[in-house]
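All remarks here apply to the structure that follows.
The values are calculated or read from the model by the stated rules, or taken from the named source; none is laboratory data. From a predicted model like this one, the values you see are computed outputs, not experimental measurements. No Cβ is skipped: glycine too gets one built from the backbone with ideal geometry, and neighbour counts run over all protein chains shown.
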Amino acid sequence: MMVLGVVTGCEKAPDPAVGRAAAAKAAEHVVEGREGVERLTRGFDEVMAKAAREMGPAVAEPGNVARVRNRLWHDMHDDHTEVGRDLTLYPTWFLAAVGVDGKGIAGDRAPDQDYLPGKDLGAAFPCVRAALQGNGGHCVGELASGEGQAPRVYLVSAQPTRAAEGGAVTGAVVGAITYGRLSKAVRELLNLRTAHDRAQLYVGFWHGGRIIPSGTRDNDVAAAFLVPDSLLPRVPRDLDARLAAGHGSATFTFDENGGRMQWGAAAGRVSALGDDTALVVFRTPLSGR
C-alpha cells in the first residue's frame, strides 16, 4: 500500500497542452477533410452528368421500368464502360432515375430490394427539383428507406436527362452518398496523411444535433468507422453556437481514463454540404505526447 501510495503521488497530472495540441492538429485535419469533400463533390457532379447523358434515352420511356433499372443496376456499375469506371470512385449508396414528377422510376437494385420506385425524391432533395428545371447540381437531404425506418442523411447529385442533346428535360438521374460513407472516405484520406503519426482519429459529421456515423442507427459503414459512444457526450451541446461565433470553425478538448488520454477535436462547416453540417475530427496522441 505504501509503494502504491508513492507511485500514485509521483504520477504526472494531465497536461492541458496535450489536448490543445491535438485540437490544433484536428483543425488542420478538418481543413484537409473539407478540401477532400469539395473535390469529391465536384467530381461526383461531373460523373453524374455523364451518367445522365447515358441514361437519357431510357428515362425518356419511364413506363419501361425494367429497361431503366437494367441501365442503372448493370450498365452504370459496369467497369468496362467509362461511366461505370468513374462511378466506382464514389461511395454511392444508391443511383436512381426519377420522372418529371420527381418520383422514383427505379433504382440500382433487384426489383424485390428496390425501395425507390414511387419515392418522392423531388420533395426530399432540392437539387432534384432543380435538375427537373434543367439545372444539375448537388444538395443534402434526408430519406427513409422504408416505413418506420429512421431517415439517412445523403449528399446527392442530381442531373437532368434528355432523350437527345438539347432536347426537353425528361427526368433526372440521382446519385446519393450517405453521410456515413462520406465520413469513411474522409477518414481514409486522413489516415493516409497521418500514417506516420502516433495518433488515433475518428471522423464524423455534425448534423441535426448528432454525430454521423454513430450508434446502431448508422449501419451503412463497418463498426470500425463509427464514432465511439464514449466520445458522443463530449461534443458540446452548443456546438452550433460555437461554430457561428467562430465563423464556421470551433475546437474543444476533453480527457478520458482519469486524464491519461487527452483528446482534441475540431469542427468546421463544409460549403458543399450547406450551413447545417460540420465536419468533426477527434484526435488523441497514442504516445501521450
Matching entry among Ala163, Ala130, Ala123 (being touching a residue at least 60 places away in the same chain (Cβ under 8 Å) and either surrounded by 13 or more Cβ atoms within 10 Å (Cβ to Cβ) or under 25 Å from Asp276 (Cα atoms) (or both)): Ala163
Find the residue count for the range 219-233, including only residues that are free of Cβ contacts under 8 Å to residues at least 60 places away in the same chain, crowded, with 16+ Cβ neighbours inside 10 Å and part of a loop (DSSP other than H, G, I, E, B). 2
Name the one entry in Ala195, Ala123, Ala131 that is more than 15 Å from the chain's Cα centre (by Cα), in a helix (DSSP H, G or I) and over 22 Å from Gly43 (Cβ atoms). Ala123
It is to be established whether one or more residues within the range 98-118 are among the β-branched types (Val, Ile, Thr) and part of a loop (DSSP other than H, G, I, E, B). yes
If we scan the range 136-147, do we find a residue that is farther than 25 Å from Leu279 by Cα, out of contact with any Phe, Trp or Tyr (no Cβ under 9 Å at 6 or more places or on another chain), at pLDDT below 95 and surrounded by fewer than 22 Cβ atoms within 10 Å (Cβ to Cβ)? yes
State all residues of the range 214-239 that are under 20 Å from Ser249 (Cα atoms) and either of a type in the set (A, V, I, L, M) or under 17 Å from the mean Cα position of the chain (by Cα) (or both); if no residue qualifies, say none. Val227, Leu231, Leu232, Val235, Leu239
Which listed residue, of Val186, Val280, Val203, is under 23 Å from Ala17 (Cβ atoms), under 13 Å from the mean Cα position of the chain (by Cα) and surrounded by 15 or more Cβ atoms within 10 Å (Cβ to Cβ): Val280
